[in-house]
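A short write-up of the structure that comes next.
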Amino acid sequence: MRRVLALLGQNLALALLALALNFLLLRLAPASPFAALERDDLGTVFTAEQRARLEAHYGLDRPLWAQFLAYFGRLFQGRLGESLYFNQPVTQVIAPYLANTAILVGLGFFPALLVGLLLALLSVAFHRTPLDGGLFTTMILLKSLPPYFTAMALLLLLAVLWPLFPTTATSLPGMGFGENLRRLFLPVLAYALWEVGTIYLVARGALFSVLGSPFVAYARAKGVPESWVYLRHVLRAALPPLLARITLLLAGSLGGVFFVERVFAYPGLSTLALAAVGRFDYPLLEGVFLVSLGAVLFLNLLADLLLAFLDPRTREAA
Amino acid sequence: MKRLFGWLIGLLLAGQGLAQTYILAQMDAGDPTPFAPLRQAGPHWIVTSFVYDTLLWRDAQKPIPWLAESWRWNADKTELRLSLRKGVRWHDGKPFTAEDVRFTFELLKARPELSNQANLVKDYVERVETPDPYAVVFRFRRPVPDFLEQVLGWEKVVPAHIWGKVDNPLGYQGPDRYVGTGPFQVREYRRGEYYLFEANPDYFAGQPRVTQLVLREVANPVLALRQGEVDAASLPPRLAKEFSGQTGFLLTPPQPSYAYTKLIFNTARTPTNRREFRQALAYGINRERLIQQVLQGDGIVASPGGLHPESPWFVKGLPSYAYNPERALALLARLGYRRQGARLLDPQGRETFLSLLCRGQDNARGCALVKEDLEGLGLRVELKVLETAPMEEVLSKGEFLLAYYAHGGTFNFFQNPDFPASVYKNPRYSELYRVFIEAKIPGDRLRAAGEIQGLLAEDLPALPLYHSLVQAVYRDKAGIRLFWTRGGLAGRGGPPSFYNKLAFIEPKGEVYRR
Amino acid sequence: MPLLEVQKLSVAFPKPGGYEEVLREVSFCLEAGETLALIGESGGGKSVLIEALLRLLPRESRVSGRAFFQGRDLLSMPLREHRSLLGQKIAWIPQAATEALHPLLPVGFQLAEPLLVRGIPRREAYARLVGLFRALDLPEEALHRYPHQLSGGMRQRALVAGALATGATLVLADEPTKGVDVLRKDQTIALFQKSRVLNPGMGLLLVTHDLPFAQALAQKVVVLYAGKVVEEGKAQTFFQGPLHPYAQALLEALPERGFKPLPLGLGREGRGGCPFFPFCPEGSMPCEERDPPLFQTPKGRVRCWRYGDTGP
Amino acid sequence: MKIAILTLLTPSLGLLALSFFLPYPRASFPAYLPPGPGHPLGTDDAGYDVLSLLAHGARTTLGVGFLAGSLATFLGAGIGGSAGLWSRLEAPLMRLTDLFFAFPRLPLLILMSLYLRPDPLNAVLVLALFGWPDTARTLRPLVAGLRQAGYVRVARSLGAGGVYLLTQHVLPQAWPLVATQWILEVRFALIAGAGLAFLGLTDPTRPDWGVMLFQAFNRTETFLGPYWIWTVLPPALALASLVLGLSLVVLGRPRQLDPRLGG
């Protein structure tokens, strides 16, 4: 358990540092936090008094250190303050967008993981054959295209030229399950295509490095059928480092999701974040940063734990 | 009980195929509560206009009585007496009375941050009295002629029996925050996806034409229209073309929207502090080409007076600054600038550098064209693109020379005496502006407006560039006929829109005849 | 009919610009119930021979010749049939015991796999292993532990138990004493003697460069040098007086016989002639040009002109 | 393999060369002219000639890509190398690398858009900032391995200082790996760089392939008619061919297919 505690400690320290940074980086940004309060959408300028009262409402009139304490105080009660633009608690604003991104990643990443692993196994099982060469080059090609290009191509082919799927990714009231799947299909496919390339390449590398180990030859010498050799021996040995690395991939995948959300105008976390930057609604920005930071730290921790527990050699030491 | 009844109606109509859903393409504007100080002017106002009512409303041409049936000013315009419409009910069934109006405006007086017009209520309204349940009297400290249109046509009346119990209306999250008197009530709001409004069967001004109204944001309105993902959207004419003549689709005539783009000069820094220099630049920018290249012709050149041609105070005959590079160079020569080969040297013989700020990525195209035009005169232009917030910061601090700025439409001059950015100080302008606000006789207002436009066209603190043309494309369903509300939805010249709630109700009795 | 008859087995690996021959037409026979020691310097191609029989060599390698096992040629039979023999009739005790065991799988499972593949229920397979573990004085719960939780010696004994558990008639043991210190060597010898008792009918092919170990267990000896069989014969006669000069040098290099340094045979194959010629005390005319064939002598076969038609 | 790489790299290099002959793009033509005489690749939505945009765009895109790639490799090699060489530095430096590796990209990008004005130099900085951890993580184990290597320890015992070791022993050894990393970093910078345009972090008035894609995507008409053929495909294929070419170059280096291409 020692190692787990050390890991937790490390991540906690990282989190605290990030929280403080999160607060400071935004408040010190060259854009004035009051810009959003100076004029409404139509450009009508607020009078000084109106602005003062709005600032008081959001607690922006107090000195920075007082705001810092209030920020941390609220944090521990799990509240993230109120969005300037939406006049609603930040948690309530973020929740639906976060859910949308989670759905996109959930539906996209895990099938991509399965397909990626399967293709990698095939590649390794049939290495030195055109199958491996072909798969490898297609995946490299997939990774060479700018991510939003594949998303655009999908939108063009399957929604515009050949209207199989809706062009709008958002839902409508009373949408049945089938309809919902149809509207999510293209964004999910675009995101999965982007991730499957990376997963395949990473998995293929990990499996190859295990292929040469003596226990693989020993397994074959025990008359174990080839499929069993790959699934039970090669994959099992490559799994711990592979899963850890893939969890890190998931943490980094917020970038990939961003392009998909941008091309399909999908109401996910990054769409919200960009809108919040435009309006400089920084309590909301802080919330978005915290959520993405939390997700990444959790996934990092998960990666470390996976590495520790999946491998018996390190299990007791952890 | 009311909601149950409404729901039953929905079922009944649904049964006979009359129940219809109409989907509007509309930007998401957050929680549809009545109080949203920062969001209220734009999309939020359009969304909430279906749920709440104002004392006055506007039809295609002019303001019309709405919750207020009739009104009378006293002689010196310090007292306004309104008589309210009877038999109007809130969505939760409670009757609408004068107490609601009194409560709403006293609340705005106490908390001017709730709405950007509220500062006028605070400054000018002394007291609001309710002699009887359907009569309201406003007492003013100083006469405000267009208080009717600018405030009563703008502020949404809220139920006193709900908001009376709320200590801080800004950010109130109670479930009953959506209660209004409007033709539709909020059934569901899925943030970032859609608003679902349900018909209010006994709306005082008429029966809603559809049982459900959905407002949703779409990435590509043309594709969405083609594939039936939305029933109505506003498009530039070049995109609306493909739908004209298609069965099932109707189009409104093209309309110059009030949103406009302008080039703001920093009148406090050399060289843009010299009026001739600003005029020379104005002659050096080809606004026709700007419309042709950026909007493919879907736009009209904006008047240097700063007002939209549809504004009642629009004055013709101002200097047009049509593209004339020779005139520009002549003006610059008079200031001592000399042309040497391709470069323009300032009076001290140095190359003239100008910094041009551009608000947001979407205006990058326009900025690049302006930069090309100015470089055509021999100026060296360095261009920077800034997001909204950093741009506001730079503008308010005056740390800029030229700023390519675009924002929502407005019907009259800026509310505050200082023109676009707080940099432009002109006592004559501030004085004329006060006259314009407080002129009692319409004639004085028109004259003051004319003088202001003349001054702006001459002094040119900012060069308005163009208004883009928009056109509504919508499905012919449930007898809905969209129209352009001249002067903007709210009395003060609010957001330009084709979605006037009148188009969505079957007019009843004498309240409103199409 | 011998249990295993290898005929002219040659193996070559690709290297930039051609192939490098590691085994050249090696032939020998192993009878059921007999132990044959395949001796040669380490890295001389001995392990390659086992991998060739198991057909585990990389695809690019070139393998020729035949290896009859119970009358059928292992090298040309279809892979599926060959694979069905592995773990049933033929068992392998790999060289590096530590890496041969899968680090993330329990030891018991790995050893029981050949049985499970045959459809033998788990309980029965484990029961058989428990018996063998006790016979090879291994703690029973070692079955449920992971390889890194066992000592080096225990892992090797586990591998031997695994091989025996299959009931294979041909067991190929690759350098069982490699890395084993002198103190444990006789335990290894005892281990193989006990496994001979547990499975009397099995043919054991011992690949080793450890002569005392070979002497203690083998009935027949084959000496490899530079990829070729240079001497083959009965163990008793061989250890009293080997015929081939290289074999003699091998024996004299033993610590109890004065520890004389031994010249390495690697890398001399290409030059025709007897590869041992430069180091051969009685090197004479033909040795330098022509590589001697295997001459039959009463005490076994030897590849040395001394035993040629000219006679000793 | 060699021919494939050449055919893939020629378009971008050709465009780069072409940029010195074609005039700087100006919005002086009618919009959406299909490819034809005068405009081999037609004109875009604002009347810029697509070919001259592509050519001049090559300068910015390649410039930013290669500069950012080199800076990232330099940073990564420096930090990775010293982390490998001096054991005292290893823990803090690698913790820093993990922090950068783990820090979510999106918020960092947004912060950049707040603090930095969008121009190529800032883009290079941002891309290098995201790129270097990968090189550091790859180089450290190699250098650490070399440190243990016998002859390095011998050299150290003869009084060789850290820097001498780094320059004389470690770098010559690590050179082939550093070269591969450099190509991987450039490849990453090109893809991510094109992404920055989508975020509005690059100067939209300076021709750049990423900006061309962003502008095309921002136009509603792009997908309504055939316009996407000559406004979206050219920049996308130019970028893809360059990146694919670079990937194949890395592919060709070590004989067995390089698993690290997964990055």
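Relative contact order of chain C: 20 percent, from C-alpha pairs under 8 Å at least 6 residues apart in sequence. Comparing D:L18, D:L109, D:L99 in a Gaussian network model of chain D where C-alpha atoms under 10 Å apart are linked, the largest mean-square fluctuation is found at D:L99.
Counting Lys and Arg as +1 and Asp and Glu as -1, what is the net charge of the other residues whose Cβ lies under 9 Å from the Cβ of D:D119?
Residues close to D:D119 contribute a combined charge of +2.
Principal-axis analysis of the Cα atoms of chain D puts helix D:233-252 at an angle of about 20° to the longest axis. Specify the angular offset, from 0 to 90 degrees and rounded to the nearest 10, of the alpha carbon long axis of helix D:2-18 from the longest principal axis of the alpha carbons in chain D. Helix D:2-18 and the main axis of chain D meet at about 60 degrees.
By the Cβ rule of 4.7 Å, chain C holds the following cysteines without a possible disulfide partner: C:C29, C:C280, C:C304. Suppose the Debye formula is applied to equal point scatterers at every Cα of chain C; what is log10 I(q)/I(0) at q = 0.08, 0.10, 0.12 Å⁻¹? Summing over Cα pairs of chain C leads to -0.38, -0.59, -0.84.
Along its principal axes, the protein assembly as shown has C-alpha extents of 147, 81, 63 angstrom, given from the largest down.
When the alpha carbon gyration tensor of region B:178-267 is reduced to an equivalent ellipsoid, its three semi-axes come out at 29, 22, 15 angstrom, largest first.
For region C:1-105, list log₁₀ I(q)/I(0) at each q in 0.20 Å⁻¹, using the Debye formula over Cα point scatterers of equal strength and ignoring solvent, two decimals each. Values, matching the q order: -1.21. Net charge near B:Q207: determine it from the other residues with C-beta under 9 Å of the C-beta of B:Q207, scoring Lys and Arg +1 and Asp and Glu -1. Taking every other residue near B:Q207 into account, the sum is 0. Rounded to whole numbers, the Karplus 3J(HN,Hα) couplings from phi for region C:10-26 are 10, 9, 9, 10, x, 9, x, x, x, 10, 10, 6, 9, 10, 10, 6, 7 Hz, using 6.51 cos²θ - 1.76 cosθ + 1.60 with θ = phi - 60°, and x at Gly and Pro. Across every direction, the projection of the convex hull enclosing the Cα atoms of chain D has a mean area of 16.5 nm². For region C:185-193, putting each phi into the Karplus relation 6.51 cos²θ - 1.76 cosθ + 1.60 with θ = phi - 60° gives couplings of 4, 5, 5, 5, 4, 4, 4, 6, 5 Hz, in residue order, rounded to whole numbers and with x for Gly and Pro.
Summing Lys and Arg as +1 and Asp and Glu as -1 over all other residues whose Cβ lies under 11 Å from the Cβ of A:H127 gives a net charge of +2.
The ellipsoid equivalent to the alpha-carbon distribution of region B:137-180 has semi-axes of 27, 12, 9 angstrom, derived from the gyration tensor eigenvalues as √(5λ) and listed largest first. In the elastic network of chain D, a GNM with C-alpha springs shorter than 10 Å, the most mobile of D:V186, D:V163, D:V250 is D:V163.
Its residue count N sets the reference 2.2 N^0.38 Å, and the alpha-carbon radius of gyration of region C:81-128 equals 1.21 times that reference. Using only the alpha-carbon atoms of chain B as identical scatterers, what base-10 log of I(q)/I(0) does the Debye formula give at q = 0.07, 0.10 Å⁻¹? Values, matching the q order: -0.43, -0.85. Between the Cα long axis of helix B:275-284 and the first principal axis of chain B there is an angle of about 80°, rounded to the nearest 10. Annotation: amide H-H contacts under 5 Å for C:T297 (H modelled 1.01 Å from N, sequence separation of 5 or more, or interchain): C:V302. Its residues counted as N, region B:87-197 yields a C-alpha radius of gyration over 2.2 N^0.38 Å of 1.14. Near the amide H of B:R187, within less than 5 Å, lie the amide hydrogens of B:L196, B:F197, B:E198, all on another chain or at least 5 residues away, with H placed in the peptide plane.
Starting from the Cα gyration tensor of region D:1-64, take the square roots of the eigenvalues, sort them a ≥ b ≥ c, and report rounded, prolate or oblate (rounded when a/c is under 1.5, otherwise prolate if a/b is larger than b/c, else oblate). Here region D:1-64 falls in the prolate category.
Using θ = phi - 60° in the Karplus curve 6.51 cos²θ - 1.76 cosθ + 1.60, the 3J(HN,Hα) couplings for region A:12-28 round to 4, 4, 4, 5, 4, 4, 5, 4, 4, 4, 3, 5, 5, 3, 6, 5, 8 Hz; x is entered for Gly and Pro. Cross-link reach is defined here as a Cα-Cα straight distance under 30 Å, omitting same-chain residues fewer than 8 places apart; for B:K122 the lysines meeting it are B:K62, B:K77, B:K86, B:K94, B:K109, B:K156, B:K165, B:K397, B:K425, B:K440, B:K501.
Near the amide H of D:D45, within less than 5 Å, lie the amide hydrogens of D:Y32, all on another chain or at least 5 residues away, with H placed in the peptide plane.
Across region A:94-317, Cα-Cα distances exceeding 24 Å account for 53% of all pairs. Per residue, the average separation of C-alpha pairs within less than 8 Å and at least 6 apart gives region C:1-143 a relative contact order of 20 percent. If only the Cβ of Lys and Arg carry +1 and only the Cβ of Asp and Glu carry -1, the dipole of region A:94-317 around its Cα centre is close to 580 debye.
Rule-based calculations on the coordinates, nothing more; no lab input. Because the structure is predicted, anything quoted here is derived from the model rather than measured. Because the Cβ atoms are built from the backbone with ideal geometry, glycine has one as well, and the counts that use them run over all protein chains shown.
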